[in-house]
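The values are calculated or read from the model by the stated rules, or taken from the named source; none is laboratory data. Quick caveat, the model's predicted, so the values are computed rather than measured. Virtual Cβ from ideal backbone geometry, glycine too; neighbours counted across all protein chains shown.
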Amino acid sequence: MPGHPDEPHRGDISSRLNWLRAGVLGANDGIVSVAAIVVGVAGVTTDTGPLLTAGMAGLVGGAVSMALGEYVSVSSQSDSQRALIEKERRELAEQPEEELAELAGIYQAKGLSPDTARQVAKELTDHDALAAHLSAELRLDEDEVVSPWHAAFASALSFLIGAVLPLLTILLPPPAFRVPATFIAVLLALAATGSLGAYIGGGSKTRAAVRVVVGGALALAATFIIGRLLGASGIA
C-alpha cells in the first residue's frame, strides 16, 4: 500500500503509543512515590536499615497497587468492549439486511452517494462483516481488546523500573550525601520522563519537563520537611 515513508499507516499505532505513554507515566509514578517515601524517612534518619525497609515497602506496595488498579480498570473496559462485540455479532446473525442498511447509512452520512455507500457496505460486509461494523459503528477492532493481565503486568513493571532509581540513590552514597544525591537523580529522571511523555504525545517537551520537575521537587521537599519536623519533635 503506497504512503508517505515517514508517516505511520498501521492501524495499531495509536494503541502502541498509548501503551508507551502509560509505561512512561507508570515509571514517573514509581520515581516520585518511592522517592517521597525514602526522602521523608531520611528527614528523620539516614541509616540504611530504615531507608531500605521504607523503600522496599513503597516499591512493592506501589507496584501491587498500580497493577491492581490497572487490572480493575482494564477489566471493566475489556468487558464492555467484548459485550459490544457480541451484541454486534448477534445482530449481524439475526438482522443482516438491517445491519447492511445501517452500514451503508454510515458511509452515506460521510459524504458518499447512496449507491456508492451501499456498494462499499456490501463489499466490506462480504469481506468481514463483523470487522466492518465494529470499525464503522464502534471504532473497535476485535483483535485489539486489551488484556487486563497484560495491562496489570505492564503497569507494575513500569512502576518498579521507576522506583528502583530513588531506592538505589538513597542507599548507595555515603549517609551525608544520600538526600542531595536522591534529589538530583530524581529531578533529572523526572525531567527525562516528562520530556519523553511529551515527545510521545506530540506536546512541548520543555513545559512537560518543568511541570513534573516542579511537582516532584515539591513532593520531595514536603516529605523531607515533615520527616525533619517529626524527628525534631521526638515523635519519630
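For segment 24-50, residues that are assigned to a helix (DSSP H, G or I) and either under 15 Å from the mean Cα position of the chain (by Cα) or farther than 14 Å from Leu220 by Cβ (or both) total 11.
Here are Asp79, Asp128, Asp115: which of them is of a type in the set (Asp, Glu) and within 22 Å of the chain's Cα centre (by Cα)? Before the answer, list the steps.
Working: Asp128 fails: within 22 Å of the chain's Cα centre (by Cα); Asp115 fails: within 22 Å of the chain's Cα centre (by Cα).
The unique qualifying residue is Asp79.
The one condition from (1) under 25 Å from Val210 (Cα atoms); (2) modelled with pLDDT of 85 or more that Pro50 does not meet is (1). Ala198 satisfies every condition listed in (1) surrounded by 19 or more Cβ atoms within 10 Å (Cβ to Cβ); (2) at pLDDT below 85; (3) over 16 Å from the mean Cα position of the chain (by Cα) except (3). Every test in (1) surrounded by fewer than 16 Cβ atoms within 10 Å (Cβ to Cβ); (2) of a type in the set (A, V, I, L, M); (3) in contact (Cβ under 8 Å) with a residue 40 or more places away in the chain is passed by Leu190 save one, and that test is (1).
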